[in-house]
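Okay, so here's the structure we're looking at.
The values are calculated or read from the model by the stated rules, or taken from the named source; none is laboratory data. This structure is a prediction, so every number in the text was calculated from the model and none was measured. Cβ coordinates were reconstructed from backbone atoms using ideal geometry, including for glycine residues, and neighbour counts include every protein chain displayed. To get the accessible areas, we keep the full protein, side chains included, count just its heavy atoms, and leave off ligands, DNA and RNA. Shrake-Rupley method; radii C 1.70, N 1.55, O 1.52, S 1.80 Å.
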Amino acid sequence: MKNYTVKFINKDTKNFLSNVDAPLENANSLIDFSSPWNQEPIKKIEFKALHNNKDVFFQFKVFDEDIYIHPSENKNNSINNSDRVELFFRSDENLNPYYCLEIDPTARVMDFKAHPNKKFDFNWNWPDNDMKVVSQRNENYFTVRIAISIQSFKDLSLLKENRIETGIYRAKYNKIENEKEYQPTWITWVDPNTDEPNFHIKSSFGILELDGFI
């Protein structure tokens with residue numbers, strides 16, 4: 001499985017959410033993303049993460065001059081058909097259960113609990129006090145930042161031996177030429193080796209290893 005080391009920072013990161021453009025210093029840069037089902041080149045995506053004794057901090061910086069946000073008034077439907085980034089966390093390789101966060105460039109969140117064979121519980125939400133999300137759109141990229149409490153990872157049995165088994169993804173919606181519709185390009189850190197796009201499968205996960213965690 002692919003591994004990413006989440007470095008430890010022995011300080012509070014109050015500016016992490018308040019200043020989205022402030023650099024996430026000392027974090028490892030992950031740019032190893034691909035679209036195994038599409039031969040067209042993808043634009044750069046940079047993922048970073050850090051942690052202290054209280055929270056894990058995630059950042060996506062997605063380079064894109066043509067962001068699409070679906071206009072539906074239904075939040076879940078809109079996010080599900082918009083450009084977005086995604087984090088899935090699983091309790092074990094059986095995916096029973098796993099937890100999904102899908103976040104668009106306006107910081108709207110579609111969070112849900114899932115079980116094998118794409119059995120989704122959209123009534124489940126990550127506790128508000130344990131997760132915060134902000135975003136910022138710029139001319140050439142958008143940034144999404146997420147702070148999730150370590151306690152919530154423990155409560156959901158997601159943090160085991162300093163490791164969180166995680167899927168890291170991106171959906172890019174492109175307009176079909178001469179039509180009004182958009183179709184997605186599915187982008188992933190770990191190639192699940194499937195014929196069709198599928199993130200809801202155990203082979204699409206890697207490991208985030210929390211360095212220096214006590």
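General remarks:
- Members of the stretch 17-56 found to be more than 21 Å from I148 (Cα to Cα) and of a type outside the set (A, V, I, L, M), listed by number: D32, F33, S34, S35, P36, W37, N38, Q39, E40, P41, K43, K44
- Note on the stretch 1-20: residues that are part of a loop (DSSP other than H, G, I, E, B) and modelled with pLDDT of 80 or more total 6.
- Looking only at the stretch 89-137, residues that are open to solvent by 30 Å² or more (accessible area, probe 1.4 Å) and part of a strand (DSSP E or B) come to 11 in all.
- Hits in the stretch 70-84 (condition: part of a loop (DSSP other than H, G, I, E, B) and at pLDDT below 85): S72, E73, N74
- Residue count for the stretch 149-160, restricted to those that are surrounded by fewer than 13 Cβ atoms within 10 Å (Cβ to Cβ) and in a loop (DSSP other than H, G, I, E, B): 1
- Whichever residue in the stretch 25-55 is aromatic (F, W, Y) and part of a loop (DSSP other than H, G, I, E, B) and, among such residues, is surrounded by the most Cβ atoms within 10 Å (Cβ to Cβ): F33
- The residues of the stretch 161-184 that are of a type in the set (A, V, I, L, M, F, W, C) and surrounded by 12 or more Cβ atoms within 10 Å (Cβ to Cβ), listed by number, are I164, I168, A171.
- Across the stretch 95-109, a minimum of one residue is classified as touching a residue at least 40 places away in the same chain (Cβ under 8 Å) and within 24 Å of F8 (Cα to Cα).
Conditions (1) within 13 Å of the chain's Cα centre (by Cα); (2) farther than 25 Å from W124 by Cα, marked per residue:
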position	(1), (2)
L159	no, no
A171	yes, no
K175	no, yes
K180	no, yes
Q183	no, yes
N193	no, yes
E196	no, yes
F199	yes, no
G206	yes, no
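- Output for the stretch 138-148, where each listed residue is among the polar types (S, T, N, Q) and open to solvent by 70 Å² or more (accessible area, probe 1.4 Å): N140
- Pairing each residue of the stretch 56-78 that is among the acidic types (D, E) with any residue that is open to solvent by less than 20 Å² (accessible area, probe 1.4 Å) and part of a loop (DSSP other than H, G, I, E, B), provided the two are 6+ apart or on different chains, yields C-beta distances under 8 Å for D64/D83.
- Options I187, I207: the member that is among the hydrophobic types (A, V, I, L, M, F, W, C), surrounded by fewer than 19 Cβ atoms within 10 Å (Cβ to Cβ) and in contact (Cβ under 8 Å) with a residue 60 or more places away in the chain: I207
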